[in-house]
Amino acid sequence: MTDVPKETLLFVDDEESILEVASEYFMAKGYHVRTAENGRLAVDIIEKEKIDCCFTDINMPEMDGLELAEYIRTVDNTIPVIIMTGYPSLDNTIRTLKNGVVDFLIKPVNLNQLEICVKRVLRERQLFIKNIFLTQEVEGKHRIENLNRELTYKVEELNTLNRIMTDFATIDSSFDLFKRVVDLSTELTHADEACFYVINEAIQRPVQVARSVAGGNGGPPNPLDRSTASGDGQCACNKDISQLILDNCDEDKPLLVHENSNVRGLPEAIRSLMLVPLNIRKKVFGVLAVSSLNGDVRFSEKDLYYMSFMTNKAAYAIENVALYENIYENLLATLYAFVGAIEARDPYTEQHSNRVTRIAIALCRALGGSQEEQDILNVAGQLHDIGKIGIRDDILLKPGRLTDEEFSIIKEHPVIGANIVERLGLWDREKNIIRCHHERFDGKGYPDGLAGENIPMLARILSVADVYDAIASDRAYRKRMEEAKILEIMYGGSGTQFDAGVIDTFRSLYDQGVIKAISETSP
Ligand SMILES: [Fe+2]
């Protein structure tokens, strides 16, 4: 089966015979054929119908072939226009080419030659259209690739910003915060080193408070560090970087410099450097210095943007931490004042909590407890009897023996104390120690009857210190005991009332005179 052409050919000529011959010939070949006697009539047809190819004479009334060619070029430049003329001239030829005419046939035109021409220009037109589609497709593909790249960039940026936000949300001390700033800086920018400096107005130089080196502590030598100092005690780099930081802080804007820039004072060892100020309440508090030393890393505006975003978040976090530390200090001071008030109600217990705390910390240290555990004991020891604030004076201060009912009221104080601390939403570990400070190792204590290892270690320590101070000092209902009697109670309680390990340590400290020394000195 041969392909039947479906294309529409338009013949424009003021010679009717040419139109008739061409029309008959090409319709017989299966083409659709339209004819017009001048350019104006041809335009009417083109406005209404889809034309695939146009053959036109040049010299015609109303609108000539060249004007028609120009019109066609403006409405659809894919339609090929072929000029047929009996009087070719150089001028005409040039004008036809300017108007986008694709071929030029000299009359009289042979029908066979015309058909070859039709087939050729239609094939070229198809290729031309295909090429336009391909170009559009390629452009579309490029556009999609660009959009994808932009999207990936945005997602990466959001991830980074989100990472910075979440990382700073969990920080609760200034030290952790500065460490987090420098660690995150080296990670996000692939820097060799990041340092955070606090600007100290008093000594007119930046003071390094945190440093992070890519790949851990065994990284490259630090050109910013004083440890690389030369004979005069201060290395050139450190001088340079300090001056750079101070100069930059005056302008209060982030600075991005590379080795070949003209910034004065950039140490030789540094290839690329970012200095980002951290402002608190519009004042420069510190500067983050991120440097690339030997590698290929050159920081970009994007890195600078991340670092600025981070120092902004860090500034908020510092303000919050400062606020929190302030609240925490105030709260502790208030609670200690409460304890002071309780102890003042009973002159015999004055400074009891203070002595208990110091004995407990000494025991904890001797048992190998960490600084954190000693800090916990410092708060828990001071507050262990804070629950007594809820007990009536006539019971708390009663001389002589308590009735069972009165004793059961006294026994509520560890729970009341733990509740007071719990309601403040702070000090979870301290709360548990306060609750457990009257538990006994054999499970016969109160309020929960916990035994052995179920009692927190710090509570077992506090219990030894508490009982010792209670029996070693004067009380409302009795004078202080003889030393032998005190030690009999303490050592005799080993493994029953007290943790044997804690008592062993207590005995060792007592023998060294440490316990007595604490008992007998004021804080
Ligand atoms: Fe107590």
Can you return the aspartates and glutamates within cross-link range of Lys398? Criterion is Cα-Cα under 13 Å, with same-chain partners fewer than 8 residues away left out. Asp346, Glu406
With the full set of protein chains in place, find how many percent of the accessible area of region 19-166 is carbon and sulfur; take the probe as 1.4 Å. 55 percent
Computed on Cα atoms only, the convex hull of region 338-453 has an orientation-averaged projected area in nm² of 7.7 nm²
Solvent-accessible area per residue for region 374-484 (1.4 angstrom probe, square angstrom): 48 Å²
For the table Lys107/Lys130; Lys179/Lys302; Lys6/Lys141; Lys179/Lys283, the rows whose alpha-carbon distance is greater than 24 Å are Lys107/Lys130; Lys6/Lys141
Cα-Cα separations in region 5-56 greater than 13 Å, expressed as whole percent: 52 percent
Going by average Cβ density within 10 Å per residue, which order do the peptides 266-273, 384-391 take, highest to lowest? 384-391, 266-273
Local electrostatic count at Glu412 - Lys and Arg +1, Asp and Glu -1, tallied over other residues with Cβ under 13 Å: 0
In terms of Cα to Cα distance under 15 Å, which aspartates and glutamates are near enough to Lys485, apart from those fewer than 8 places away along the same chain? Asp469, Asp474
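The values are calculated or read from the model by the stated rules, or taken from the named source; none is laboratory data. As the structure is a prediction and not an experimental result, all values here were calculated from the model. Positions of Cβ are generated from backbone atoms using ideal geometry, with glycine treated the same way; all protein chains shown enter the neighbour counts. To get the accessible areas, we keep the full protein, side chains included, count just its heavy atoms, and leave off ligands, DNA and RNA. Shrake-Rupley method; radii C 1.70, N 1.55, O 1.52, S 1.80 Å.
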